[in-house]
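What follows is a single structure, written as structure tokens, with notes after it.
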Amino acid sequence: MSLLHTDVEVFLCVSETQSFSIAAHRLSLTQSAVTKKIQRLENFLGVDLFDRTKRPIELTKEGKVLTQQARLAREALQRTVGEIREGAFLRPEFRVGTIESLSKCFLPSFIAQVRQEASHVFGVTGTSQMLIRALQRRDIDFAFVSHTFSEMSGLSRRMVFKERSVLLMPRDFAQRHTGSWTWDEIQFCGLPYLQFYRDGGAGRLNDTYISLLHLDIPSRIEVDSSSTMLALVSRGIGWTITRALAVLQNPEKAKEVAVLPLPAPELARPIYLVTRNDESPHFVTQVVSVAEAIFKTEISPQLESIAPWLVTPVD
């Protein structure tokens, strides 16, 4: 949570974006709510903070002074909070979000590691986009996501793991094939391609990959869940491209599918820890350390048990 008054935080966001509408989107507020907060602050101070006749809007002389002082106050508070947290891995509450593929194999272990250091632990799963929005709204403090997010004002990211993508086929079907699969063989194998929901992270990643390979692979089935996808493959409905962690999420189905290397080129997905810039760097480093240890000591051995090649270094 921010220690600054919410009206001041909204003012800083508007001053940085020079737009009421962009600030409203970034703060997950309506534009009218942002306007009311700015007007309330202006009424309290008895001055206009923005010149609304300009496009984009500009700060008045008084607005520039307040921006400078509010930023200094925010930085001072951030340093103070960081100093308080530096001494120990301690928070009154710990709010973390992860993508779906981490909800079983990673999140329980992560919560177990931090639960003794907080009075309350809150864990939530969702898409990378949902988690980033929750982070910006300050609904959560840490997010483990799989999207690079080139536009992340006020946020920082650290890569904690890189997972391979895999080819999933029905086990019995794959066993009738000798040697490694080629893309030509996959395209004309007689089974349809099963598509992840195109607006989701997995769907976009697969679409981009297939497009770069200039492959023409029509899809007649589209789902948004890795558990549904593995169930379809295990029933012989088709084949798909997914990530290694999705297999760990569904161990009951993993034994019924063939987990195979993709034909070249390699497709890997980084997992990032994303935090707000006002988090203590020392604390973020500790969280990264916990996450990396879980991937190394718990998740990698499980992946190796499925297929040894899954844990070899990814370029």
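For the options Thr240, Thr98, Thr208, a Gaussian network treatment of the chain with springs between C-alpha atoms closer than 10 Å singles out Thr208 as fluctuating the most. Each Cα pair under 8 Å and six or more residues apart adds its sequence gap; the mean of these over the residue count of the chain is a relative contact order of 21 percent. The relative contact order of the stretch 163-268 comes to 50 percent, based on Cα pairs under 8 Å that sit 6 or more residues apart.
Excluding same-chain pairs closer than 8 in sequence, count the lysine pairs in the chain whose Cα atoms lie under 18 Å apart. For the chain, qualifying lysine pairs total 7.
Please state the shape class of the stretch 163-268: rounded when a/c is under 1.5, otherwise prolate if a/b exceeds b/c and oblate if not, all from the C-alpha gyration tensor. Since a/c stays below 1.5, the shape of the stretch 163-268 is classed as rounded. Rounded to the nearest 500, what is the 222 nm mean residue ellipticity of the chain from helices alone, with -39500 (n - 2.57) per DSSP H run of 4+ residues and division by all residues? Helix-only estimate at 222 nm: -13000 deg cm²/dmol. Annotation: average projected area of the chain is 19.2 square nanometres, based on the convex hull of Cα atoms across all directions. Between Gln18 and Arg138, the contour length at 0.36 nm per residue exceeds the Cα-Cα span by 41.0 nm. Summarising the strand pairing of the chain, around 60 percent of its internal DSSP beta bridges are antiparallel. Modelled spin-label separation between Glu252 and Ile221, with each label point placed 7 Å from Cα along the Cα-to-Cβ direction: 1.8 nm. Shape verdict for the stretch 232-315, please, from the Cα gyration tensor: rounded (a/c under 1.5), prolate (a/b greater than b/c) or oblate. Since a/c reaches 1.5 and a/b is larger than b/c, the shape of the stretch 232-315 is classed as prolate.
Quick note: the coordinates plus some simple rules give every number you see, no bench work behind them. Note that this is a predicted model, so its numbers are computed, not measured. No Cβ is skipped: glycine too gets one built from the backbone with ideal geometry, and neighbour counts run over all protein chains shown.
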